[in-house]
Amino acid sequence: MTRIVGHVLILAAVLFFLGLIGVLVRRNIVFMLLSIEIMFNAAGLAFVAAGARWAKPDGQIMFIFIVSMAAAEVSVALALVLQMHHRLKILDTDAAKSLRG
Amino acid sequence: MILAGLILIPAVGGLLAWFTERFNPARPKFAALAAMAAELLAAVYLAAFRSGSARFVVPWIPRFGITIHLYCDGLSLVLVLLTAFLGLAAVASAWTEINERTGFFYFNLLLTLSGVTGVFLSLDLFLFYFFWEVMILPMYFLIALWGHENRVYASCKFFLFTQVSGLLMLVAILALYFLHGQNTGHYTFDYIQLLKTPLSHSAAMLIMSGFLIAFVVKLPSVPFHSWLPDAHTEAPTAGSVVLAGLLLKTGAYGILRFVLPLFASAVRHFAPIAMALGVVSILYGALLAFGQRDLKRMIAYTSVSHMGFVLLGAFAGSRLALYGVVMQILCHGISTGALFILVGGLRERLHTRELDSMGGLWSAMPRLGASLMLFAMASLGLPGLGNFIGEFLVLLGVFQVSPFWAVLASLGFVTSCVYSVWIVQRTIHGPNTRGWNPPDLSGRETVVMAAMSVLILWLGLFPRPVFTAVSPFVENLRQKPQSSAPAPESGRTTGVSRAVRGRTP
Amino acid sequence: MLELLWIIPALPFAGSLFLALLGRKLPRRAIACLGAGSVGICALLTGLVAISFIGHTSSHSFTYTQTLWSWLDVAGFGPSVSLHLDALSLVMILVITLVSFLIHLYSTEFMIGDADYSRFFAQMNLFVGSMLTLVLADNFLLLYLGWEGVGLCSYLLIGFWYGEPQNGYAARKAFIVTRVGDTALAIALFIIFTHLGTLRIGEVMLAARDTWPAGSPIATVTALLLLAGAVGKSAQLPLQTWLPDAMAGPTPVSALIHAATMVTAGVYLIARTNVLFMLSPAALTAVAVIGAATLVVAGFSGLVQHDIKRVLAYSTISQIGYMFLALGVGAWSAAIFHFMTHAFFKALLFLGAGCVIAATDGEHDMFKMGGLRKQMPLVFWTFLIGACSLSAVPLITAGFYSKDLIIWKAYCSARGSVWLWAAAIFGSLLTSMYTFRMVLLTFFGPLRKNATKRPGWPMSLPLVVLAVLSIAGGLVDLPKNFGGGSALTKFLTRDLPSFVTAPGRAVHQGMFGVFAACVSLGGILLIELLMRSRMYEKISESPRAKALHSFWFSGWGFDRLYDLVLVSPYAMLARINRDDVIDYFYTGLSRLSRQGWRGLCATENGRVRSFVLGIALGAAIIIGLAVFL
């Protein structure tokens, strides 16, 4: 059992890093959102694996939280993306630098 | 009660001045003048009819042992009198100079004066720190809003120096508070209680340095002096007068009132360094003053030189020197205040402070020339004028303890002579190359100068009342460092201790 | 009468204050009356006080002390403002008030055309008041007040015509150089108070005699510091440089500074503190050597000057050198005697020179004058009397009696030596030479510039009175072999130690006197011959003489030396350090934080991806720390 959990955690870590790399390298905001989604799910996977390891429901509860939060996040984020496209006519995050200090 | 009044009169007067600006922008100065006149009257009343000693105790935050403990002895009295007098002079000197946001200007000026008075009267360390901050902030605004070209830089520098050193003092106050609380079981900020705090040597040195840095920055002594020329140069005249005449004196007062009695043995240990700093300030300040091109900056540096005498004398550990220090504080306040008023007057007329563009002004402005000459002579320590008494007593006292420093500091007589006659030469003497022909001192300015001249002469020829007033303080300080605090009168004792005991946090 | 003593210094102060406050509104006549009148009443009052003082001669050591008010009273330090009158201060105030009054009277006409008439008299009165305070002071602190007061007034008056930058320079130089001496004096006061516990002069002298053994280092240090103070005020080596430049002031000011006030303060100080000097033979020898050296050095410089006032300036330095020499050999009363006669003839010479300068439209250069003898007979004759007195022309002049006394005592004193005597004799030769060089250049020879003005009575009267005094002043101390009774010496011996003669030297006084007289006359003849036979010009043509000439002319290079060693470095340091090297630390600090700010600002580039990177790295670091620590 623990070995499987170990494998699952490694998978989760790989997924998380893939997502992170995606966020870091992609400049298109839609792809960045996709990558964030992958990171969410990697975290969720880790929770599920941990829940299975200790045979407790907490992991699954957390996963449901993450999924619902991801849904909420996507709705807000997509609204922002639409606004961004509407106002700046681009989806390139590097070009939108008004946050610069 | 009168002590609380002394603090409140300027504050209320300031609020009033701010308020009256809504009706008429020319009104605030009258409100301010009236307030300062009332302040001076109250101080004179205190000196004349209450023989200068009074106490006011009201609990403020009993949980932390904080009381509003105001006390006035001879030392506080002479400084409060100086505050009221210079405050009046400062208000008068701003009469025609300030035309924008007059209400807020006078509010800040009077609030600073209120803070200074509070500093001179507080015997509760928390209250003392409170007033210490009260006087800094409005001064910051005075410089930043009504200053000259480089005012933002100067005001920030002033604020940073005084604030950082003030925070160190706060840390030292808290350390003292907790040490005292742990030792005796009741936590209090009351000065008289804290005097009895037993301190280990290292703790005393650390806490003392916290206090001392705040005071020495305010004084200021080399190497913490560099805020002063900028702040003075950029401040409006009234600000310079209050800054040089009073704010610097709070540093000197702090050393006399807090550092010397609280940390008697640490002071003895530290004395050689402090005296060396004092002597360096005297000579280095004079050198810097001589090199300046800006008249206001030049006078600012002379303050560094003069306050070196204060540091030197305060740490000499001789009674004569302490008397000299008090005298030096008073006379420097008056003479430098007067010089700043004169320079302010010159600037108002010539629109410049550059020495290179002045010269030969005596013939055009005989009254100003004579006043400038008098106060330049006071600044070089001419006998017959008050500053001489201060400097001579300091050096005499120091000589009894350490002839070496006294002889070195005596060179200040020569260096002060060099810069003083240079000031005279570059302004009122010499050829009038630019063909200046400004109007002489107005009636208002003449009255201010006459009052200040009379005062500096009086202090030079009949200084005894001042010495009589401060002698209880000085004699106590030298005899028993542990009990040098003014003991509360029996009737009040219960009130104090009840307020002070309160509850521990 | 004695209780009126306080009025004597108070009157000039009051006059000064009044003139300073209201002077500009008064008409000139009123200013003149007030200015000269206050000092005149002072002089009268001094005469009355003197009569009443001498009336008390029944008791041998009578002195009168008047306490006006208690000045300070702190921690055992309690000097009061009190006046002390004894024989020494009486002689001083008599001379000061009399000569000052004559100079004031002279000034009422001399300065009449000046715009700042009232300021002039206000400052002159202040000068006299300070000087009177100085000599009447009962304690050192009050003496110091007067001491600094005359310094201030000299500064104000030398720079009276402040429009000219070089006048301001001369004034500053005078003030600062004397201030150096004053600082030494202040340190001496610290020592005195610390070790003897009082600053009252009388008590100090008694206490010093009791507690300090003769020749002890502390007495020597104190005496040397006092000497440094005296040297500064009296313009002796090495602080003499201010005095020749001080000629920038109006001529009456020069007369006042040089004849009656200020420069003689040093002589007075040493005479007053004679006990301390007696305790320290080394210091006393230093006084004599400084005096002897100064009188010779200044004599040479006087010999080559062009400016008539500068000749007189160097002659003042030289004559004060004689007084120092007298003090140094213990001839205390001879020094005071010479002070008195010098006050008369030097005031006379300055005032005469002032007449000449005024008559030739402000010409100072003697080589541009000449032949004025016929045009201004009164000035010529009085000037000649003054010059004779200065050159110690035997028998008829006051200067002869006082200077001869000093020269003789420099030899026969227990502290004297042949070298001191030789210097004094040589100085006497130089004195005659430069004095008559000045007389010859100014009043004889071809007429180069017409005298345009004749002095009126306020200028003439002082000349006549001073001329009479320059002749008759010697009578007060006529020595025995001339049928006198050495009255002044006897009078002064009440307060000053009596003169000690070296065994075996007190012979042949007559021969020494004759020799000294021959030297003075010889000097006059020599310069007369040199100038008449054009030798003088021939000598001064040679290159070596020219170099020597310029060396002497510039006052033996002292100015250049001080400029090089002290003034320039200080000014340069001040200039370089104008922006305060310590402030660089703080500006450096602020620059450093600004750089840090810049660096951190660079991270806020507005790119979401780099923010994410930052978050990821931060999380990684925190997790790493949590795991590995």
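None of the figures in this text is laboratory data; all of them are computed from the coordinates on show. Because the structure is a prediction, the values reported are computed rather than measured. Virtual Cβ from ideal backbone geometry, glycine too; neighbours counted across all protein chains shown.
On average, how many beta carbons from a partner chain sit within 10 Å of the beta carbon of a residue in C:185-195? Show your work: numbers first, answer last.
Values: counts 1, 11, 8, 0, 4, 11, 4, 0, 4, 8, 1.
Mean shielding count: 5.
Using the per-residue mean of other Cβ atoms lying within 10 Å as a proxy for protection, in what order, highest first, do the peptides C:87-100, C:259-272 fall? Show your work: numbers first, answer last.
Working: C:87-100: 25.4, C:259-272: 27.7.
Top of the packing list down: C:259-272, C:87-100.
Alpha carbon centre of the range B:373-429 versus the range B:36-62: separation in Å?
The range B:373-429 and the range B:36-62 have Cα centres separated by 34 Å.
Taking H placed 1.01 Å from N in the peptide plane, check which residues at least 5 places from B:I68 or on another chain put their amide H under 5 Å from its amide H.
For B:I68, the qualifying residues are B:V58, B:W60.
Would you please give the residues with an amide H less than 5 Å from that of C:L68, counting only those at least 5 places away or on a separate chain, with H modeled from the backbone geometry?
The answer is C:V81, C:S82, C:L83.
Tell me the mean residue ellipticity at 222 nm calculated for chain C from its helices only (DSSP H runs of n ≥ 4, each -39500 (n - 2.57), averaged over every residue, nearest 500).
Details: 28 runs with 443 residues, N = 629.
Per the formula, -23500 deg cm²/dmol.
Treat the count of other C-beta atoms within 10 Å as a stand-in for reagent exposure and order C:F13, C:F551 from fewest to most.
Details: C:F13 19, C:F551 14.
Arranged by neighbour count, lowest to highest, C:F13, C:F551 become C:F551, C:F13.
Roughly how tilted is helix B:28-49, in degrees to the nearest 10 and between 0 and 90, from the longest Cα axis of chain B?
It is inclined by approximately 50 degrees.
Would you calculate a helix-derived [θ] at 222 nm for chain B, using -39,500 (n - 2.57) for each DSSP H run of n ≥ 4 and dividing by the full residue count, to the nearest 500?
Numbers: 20 runs with 362 residues, N = 505.
Dividing the helical sum by the residues of chain B leaves -24500 deg cm²/dmol.
Shielding of B:354-360 by partners, i.e. mean partner chain Cβ atoms within 10 Å per residue? Each step should come with its number before you reach the end.
Values: counts 0, 0, 0, 0, 0, 4, 2.
Mean shielding count: 1.
So how do C:C33, C:C412, C:C388 line up by other beta-carbon neighbours within 10 Å, fewest first? Don't skip to the end; give the middle numbers.
Numbers: C:C33 15, C:C412 22, C:C388 25.
Taking fewest neighbouring Cβ atoms as first place, the list is C:C33, C:C412, C:C388.
Whole-Hz ³J(HN,Hα) for each residue in the range B:76-86, computed from phi via Karplus 6.51 cos²θ - 1.76 cosθ + 1.60 with θ = phi - 60°, x for glycine and proline: what do you get?
Each residue's phi maps through the Karplus curve to give 4, 4, 5, 6, 5, 4, 4, 4, 5, 5, 5 Hz.
Dimensions of the protein assembly as shown along principal axes (Cα, Å, largest first)?
The Cα atoms of the protein assembly as shown stretch 140, 73, 65 Å along their principal axes.
Please report B:S165, C:S470 as a ranked list, fewest other C-beta atoms within 10 angstrom at the top and most at the bottom.
Working: B:S165 24, C:S470 28.
Arranged by neighbour count, lowest to highest, B:S165, C:S470 become B:S165, C:S470.
Given the peptides B:178-187, B:61-70, arrange them by the average over their residues of other C-beta atoms within 10 Å, most packed first.
Working: B:178-187: 15.4, B:61-70: 20.5.
Top of the packing list down: B:61-70, B:178-187.
Take the alpha carbon gyration tensor of the range A:2-99, find the square roots of its eigenvalues, order them as a ≥ b ≥ c, and report rounded if a/c is under 1.5; if not, report prolate when a/b exceeds b/c, else oblate.
Values: a/c = 4.89, a/b = 2.09, b/c = 2.34.
Note, shape of the range A:2-99 comes out oblate.
Quick check: net charge around B:L361, other residues with Cβ under 12 Å of its Cβ, Lys/Arg +1 and Asp/Glu -1?
It works out to a net charge of +3.
Using a/c under 1.5 as the rounded threshold, could you call the range C:23-108 rounded, prolate or oblate? The axes a ≥ b ≥ c are square roots of the C-alpha gyration tensor eigenvalues, and prolate needs a/b larger than b/c, oblate otherwise.
Numbers: a/c = 3.28, a/b = 1.42, b/c = 2.31.
Note, shape of the range C:23-108 comes out oblate.
What is the set of long-range amide H partners of B:A54 at a cut-off below 5 Å, with H atoms built 1.01 Å from backbone N?
The list, which skips near neighbours in sequence, is B:C72.
Considering every residue in C:598-609, what mean count of other chain Cβ atoms within 10 Å of its Cβ is obtained?
Working: counts 0, 0, 1, 2, 1, 1, 4, 5, 9, 8, 10, 8.
Counting other chains' Cβ atoms within 10 Å and averaging over C:598-609 gives 4.
Rounded to the nearest 10 degrees, what's the angle between the helix B:2-20 long axis and the longest principal axis of chain B, both from Cα atoms, 0 to 90?
Helix B:2-20 sits at roughly 50 degrees to that axis.
What is the local net charge at C:R454, summed over the other residues whose Cβ is closer than 13 Å to its Cβ (Lys, Arg +1; Asp, Glu -1)? Numbers along the way, then the final one.
Values: positive: C:K374, C:K453; negative: C:E109.
The answer is +1.
Summing Lys, Arg as +1 and Asp, Glu as -1, what charge do residues with Cβ under 14 Å from the Cβ of B:G251 carry, B:G251 excluded?
On the way: positive: B:K218, B:K249, B:R257; negative: none.
After counting each charged neighbour, the total is +3.
Taking the Cα atoms only, what angle lies between the long axis of helix B:295-314 and the longest principal axis of chain B, rounded to 10 degrees?
30
With θ taken as phi - 60° and the coefficients 6.51, -1.76 and 1.60, list the Karplus ³J(HN,Hα) couplings across the range B:90-100 in order, rounded to whole Hz; mark glycine and proline as x.
5, 4, 5, 6, 8, 3, 9, 6, 9, 10, 10
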